[in-house]
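Working notes, structure below.
A short reminder: the numbers here are calculations on the coordinates, not readings from a lab. Since this is a predicted model, take the numbers as computed values, not measurements. All Cβ positions, even for glycine, are placed from backbone atoms using ideal geometry, and neighbour counts span all protein chains on display.
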Amino acid sequence: MADCPNLPNCGFMKKYCDAKSLVCQGFITMYCKGEKQSQCQRKQYKATHGTPPPDNMMPSGQMIAA
Ligand code: SF4
């Protein structure tokens, strides 16, 4: 699976994802580099709207409380 093209600039990953955290590694493995990439709500949002979603939207589509 190719990496998500949004990965270098993904606001969620930049802002909320500490590369050392297991949760973050899980997201990257499942979504950004994995089989759930086509289900990523962030990726779908950008494809639909042409602009990135808010940084606090998770790949699952849930929002992290600010
Ligand atoms: S969270 Fe979604 S949009 Fe962001 S890099 Fe990962 S797969 Fe791409």
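At a glance:
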quantity	calculated
For the stretch 7-49, alpha-carbon Rg and Dmax in angstrom	10.3, 31
Contour minus Cα-Cα distance for Ala2 and Gln39 (0.36 nm per residue)	11.9 nm
Estimated [θ] at 222 nm from DSSP helical runs (n ≥ 4, -39500 (n - 2.57)) normalised by residues in the chain, nearest 500	-8000 deg cm²/dmol
Two-site FRET efficiency, Val23 against Thr51, from Cβ-Cβ distance with R₀ of 30 Å, rounded to 0.05	0.70
